[in-house]
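The values are calculated or read from the model by the stated rules, or taken from the named source; none is laboratory data. As the structure is a prediction and not an experimental result, all values here were calculated from the model. Reconstructed Cβ throughout: ideal geometry from the backbone, glycine too, with neighbour counts over all protein chains shown.
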Amino acid sequence: MSGDGGLRILVNPAGLDADAGARFLTRCFGTPWTEAMYRWYMQRPFGGEAPDRIMLVDGERVVAGCGLAYRLLRTPDGAAHRVSVVVSAATLPGERGRGCYAQVLQGALARSAVRGCTALLGFVTADNATGRGLRRLGATEIASAYIASRGGLGVAGTPTLRVRRAAVTGRWPARAGARLGGSPPRTVFHYPDMSAWASQMVERPHPVQSLRVGATCRALIESVGRTDRLQWLDGDPRERVAAIRAIAAHAQRHRRLFFMYSTRGDDAEAARRLGLVTRPGYLMALAPEARHEPTVRSWRALSFDVQSGDRM
């Protein structure tokens with residue numbers, strides 16, 4: 001990359017994979033990024049659309065950046081809104097405090113407008129710097145929860161549902177869609193076909209287990225390090241809490257940790273009753289253009305059903 005010695009934003013610059021690939025992200029986050037993770041999170045097309053990288057460079061050196069993945073968000077009125085999702089926003093440790101993220105965010109908003117997005121979305125914990133940057137720009141906040149097991153402690157109560165392996169079929173997302181259609185309407189990520197859903201939920205960068213839980217529930221668990229991440233759960237609402245208890249207990253029996261993400265208030269309440277740790281967060285939505293601001297602000301009044309696997 002060539003430069004003039006000043007900070008500037010570049011979109012998908014040449015030499016990106018060498019200058020801002022897995023090693024760059026490992027330096028920024030302090031945890032290992034594999035090439036498989038880099039390809040899945042930062043290079044994977046969705047629905048035939050390639051993602052973007054927004055990079056901040058100082059002269060010829062990359063100092064910060066983020067990915068933008070393009071998705072569809074369906075609101076209860078049936079509209080499918082094109083949205084961008086901020087992926088792995090990162091700044092090199094030695095460059096923090098220079099306002100790098102604010103410039104990356106402005107670049108991401110400008111690119112989202114060019115790509116015709118109604119909103120830019122960020123998934124953040126309540127104390128996250130990315131969230132603070134979006135809040136300063138007036139983002140709409142939808143409450144969420146990051147739910148995890150409490151170290152080696154088990155969940156409260158005795159699991160009553162059986163957990164067993166199962167093969168994923170096209171009926172899994174179809175059943176989930178039908179169930180959502182019959183329940184109080186919620187805002188969800190829209191997957192136009194089985195291939196799109198599977199590319200997001202099943203074909204992930206770490207091993208995925210597909211499970212039947214009880215009589216009606218189906219779950220997808222991604223095994224990341226020592227943690228079982230509940231990426232997707234569907235089933236009769238009457239079995240949902242028992243299914244979460246059973247999956248968390250299943251992880252504990254195998255000496256693993258448990259994690260899930262949810263925008264459903266009832267999930268957060270159930271997690272607390274089960275003795276799981278609940279960390280508050282937000283799905284932040286920011287209109288890249290003024291004409292979309294009324295629409296995005298109206299989302300604050302909607303109920304969202306976004307799961308861990310939907311996020312990125």
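For the stretch 278-291, which residues satisfy the criterion of being surrounded by fewer than 18 Cβ atoms within 10 Å (Cβ to Cβ) and more than 19 Å from the chain's Cα centre (by Cα)?
Narrowing the stretch 278-291 to residues surrounded by fewer than 18 Cβ atoms within 10 Å (Cβ to Cβ): 278-280, 289-291.
Passing the criteria: Glu289, Ala290, Arg291.
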Within the stretch 30-82, can you find the residues that are assigned to a helix (DSSP H, G or I) and charged (D, E, K, R)? Glu35, Arg39
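Does Pro32 qualify as being without any contact (Cβ under 8 Å) to a residue 12 or more places away in the chain, touching a Ser or Thr at 6+ places or on another chain (Cβ under 8 Å) and over 26 Å from Arg136 (Cβ atoms)?
Details: without any contact (Cβ under 8 Å) to a residue 12 or more places away in the chain: yes; touching a Ser or Thr at 6+ places or on another chain (Cβ under 8 Å): yes; over 26 Å from Arg136 (Cβ atoms): yes.
Here the answer is yes, as Pro32 does meet what is asked.
From the list Leu161, Leu120, exactly one residue is under 15 Å from Ala285 (Cβ atoms), of a type in the set (A, V, I, L, M) and surrounded by 13 or more Cβ atoms within 10 Å (Cβ to Cβ). Which is it? Show your work before the answer.
Details: Leu161 fails: under 15 Å from Ala285 (Cβ atoms).
Among Leu161, Leu120, only Leu120 is under 15 Å from Ala285 (Cβ atoms), of a type in the set (A, V, I, L, M) and surrounded by 13 or more Cβ atoms within 10 Å (Cβ to Cβ).
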What pairs can you find where one residue is in the stretch 132-148 and within 15 Å of Ala287 (Cβ to Cβ), the other is buried (at least 19 other Cβ atoms within 10 Å of the Cβ) and among the polar types (S, T, N, Q), and their Cβ atoms are less than 9 Å apart, with a gap of 6+ or different chains? Ile142/Thr187; Ile142/Thr263
All but one of (1) modelled with pLDDT under 95; (2) outside any strand (DSSP E or B); (3) assigned by TED's automatic domain parsing to the domain that holds Pro45 hold for Val104, so report the exception by its number. (1)
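A quick yes/no check of all residues on (1) of a type outside the set (Phe, Trp, Tyr); (2) under 22 Å from the mean Cα position of the chain (by Cα); (3) surrounded by fewer than 22 Cβ atoms within 10 Å (Cβ to Cβ); (4) farther than 23 Å from Gly170 by Cα:
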| position | (1), (2), (3), (4) |
| --- | --- |
| Trp197 | no, yes, no, no |
| His206 | yes, yes, yes, no |
| Asp234 | yes, yes, yes, no |
| Thr295 | yes, yes, yes, yes |
Looking only at the stretch 256-266, how many residues end up being surrounded by 22 or more Cβ atoms within 10 Å (Cβ to Cβ) and within 12 Å of Phe304 (Cβ to Cβ)? 3
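Please go through the stretch 83-101 and pick out each residue that is assigned to a loop (DSSP other than H, G, I, E, B), loosely packed, with under 15 Cβ neighbours inside 10 Å and of a type outside the set (D, E, K, R). Break it down stepwise before answering.
We begin by selecting, within the stretch 83-101, every residue assigned to a loop (DSSP other than H, G, I, E, B); these are 92, 96-99.
From what's left, loosely packed, with under 15 Cβ neighbours inside 10 Å: 96-97, 99.
Scanning the stretch 83-101 gives Gly97, Gly99.
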